[in-house]
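Reading through the structure tokens given below for one structure.
The values are calculated or read from the model by the stated rules, or taken from the named source; none is laboratory data. Keep in mind that what you see is a predicted model, and the values were worked out from it rather than measured. For neighbour counting, all protein chains shown are included, and Cβ atoms are generated from backbone atoms with ideal geometry for every residue, glycine included. Protein only, heavy atoms only, side chains kept; ligands, DNA and RNA dropped before computing areas. Shrake-Rupley method; radii C 1.70, N 1.55, O 1.52, S 1.80 Å.
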Amino acid sequence: MNFPTFRLFLLFTVCNASQSPSARIVNGYDAQAESTPFMVSIMRYGYHSCGGSLINHRTVLTAAHCLIQTTENMLKVRLGSKHISQGGQVYKVEKLEIHPKFNTFTLNYDIAYLRLNQSVTITENVKPITLSGKRDTLKHGEIATIYGWGIQHQHFFKSPTFLQYAKVPIIDSMLCKQMMLNRISGAMFCAGYIKGGVDACQNDSGGPLIINNKLFGIVSWGNGCAMPGNPGVYTHVSVVRPWIDEILLKHYHEKIK
């Protein structure tokens, strides 16, 4: 069985593609910090490794596979800057937690949260994103926006200096399952072009997929990057929303929109 490829590039080790993470924005455009105030760069030992989304004053959502064999003291997050390594606000991570149903082989329930060590300063360039809920549905062909600092070609491991974005269409769930050989669970969905060409890739893992200013998806996995017949696969935020709400209420007495 061929396992899904993570959309993450490990900083110090390039692993075999059939077993390792993979994700970045291919054929995207420069984004502006003020248009992405929710966007987070998750830094491992000071270097960008994954994307994330700010959902309230101290909480960031990302992909669970970004945090495998990771502890809080390895991480910092940068908000409010489109530059991969400069500017914005930088915070330490107080706590991380991976979804209890996360499966490292299938990447089912590929979601985790980071709790920052203090509240962020809300500015024009730093604001939480609204989450999709059970009433929000995905429609085939609907256009979504993805963001990230990931590499721009799967064979060249160099990230862009500035945040990238791209537009991708949602793919019908049945078609998605057929294309991805039935490896798609109810907690996943596909987005991308059948002909390929535009996608997320290494270092885009954990980043957002946005529709109508709401977080609908989290960059998770794919077969290569921007390849024909191989769309990107995303964690379905509305499906995992009950876990997010439960964690925030139980541990922090917080509710989000």
Exercise for the section: Would you check if there is a residue in the stretch 123-130 being under 16 Å from GLY217 (Cβ atoms) and open to solvent by 40 Å² or more (accessible area, probe 1.4 Å)? Expected result: yes
Exercise for the section: Can you tell me which residue within the stretch 86-112, out of those that are aromatic (Phe, Trp, Tyr) and more than 26 Å from PHE162 (Cβ to Cβ), is nearest to the chain's Cα centre (by Cα)? Expected result: TYR109
Practice task
Check ILE111 against each of (1) β-branched (Val, Ile, Thr); (2) open to solvent by less than 30 Å² (accessible area, probe 1.4 Å); (3) out of contact with any His (no Cβ under 7 Å at 6 or more places or on another chain) and name the one condition it does not meet.
Solution key: (3)
Practice task
Any residue in the stretch 85-98 that's at pLDDT 95 or above: show its pairings with residues that are assigned to a strand (DSSP E or B) and among the β-branched types (Val, Ile, Thr) at Cβ separation under 8 Å, as long as the two are six or more apart or on different chains.
Solution key: GLY88/VAL126; GLN89/VAL126; VAL90/VAL77; TYR91/VAL77; VAL93/VAL77
Exercise for the section: State the number of residues belonging to the stretch 131-158 that are modelled with pLDDT under 65 and either in a loop (DSSP other than H, G, I, E, B) or open to solvent by less than 10 Å² (accessible area, probe 1.4 Å) (or both). Expected result: 6
Exercise for the section: Find the strands (runs of 3 or more DSSP E) located wholly in the stretch 46-88 whose residues include 2 or more that are within 20 Å of THR235 (Cα to Cα) and polar (S, T, N, Q), and list them. Expected result: 47-56, 59-62
Exercise for the section: Could you please tell me which pairs satisfy a Cβ distance under 9 Å, a separation of 6+ or placement on different chains, a first residue in the stretch 120-145 that is more than 22 Å from LYS255 (Cα to Cα), and a second residue that is polar (S, T, N, Q) and open to solvent by less than 60 Å² (accessible area, probe 1.4 Å)? Expected result: ASN125/THR36; ASN125/SER81; ASN125/GLN89; LEU138/SER132; LEU138/SER238
Exercise for the section: Check the stretch 54-73 and report whether any residue there is in contact with a Leu (Cβ under 6 Å, 6 or more places away or on another chain), among the polar types (S, T, N, Q) and buried (at least 17 other Cβ atoms within 10 Å of the Cβ). Expected result: no
Exercise for the section: Give the stretch 197-211 a look and list any residue that's open to solvent by 10 Å² or more (accessible area, probe 1.4 Å) and either in a helix (DSSP H, G or I) or at pLDDT below 95 (or both), or say none. Expected result: GLY197, VAL198, GLN202
Exercise for the section: Return a yes/no flag: does the stretch 212-227 have any residue that is modelled with pLDDT under 90, in a loop (DSSP other than H, G, I, E, B), touching a helix residue (DSSP H, G or I) at 6+ places or on another chain (Cβ under 9 Å) and over 23 Å from SER85 (Cβ atoms). Expected result: no
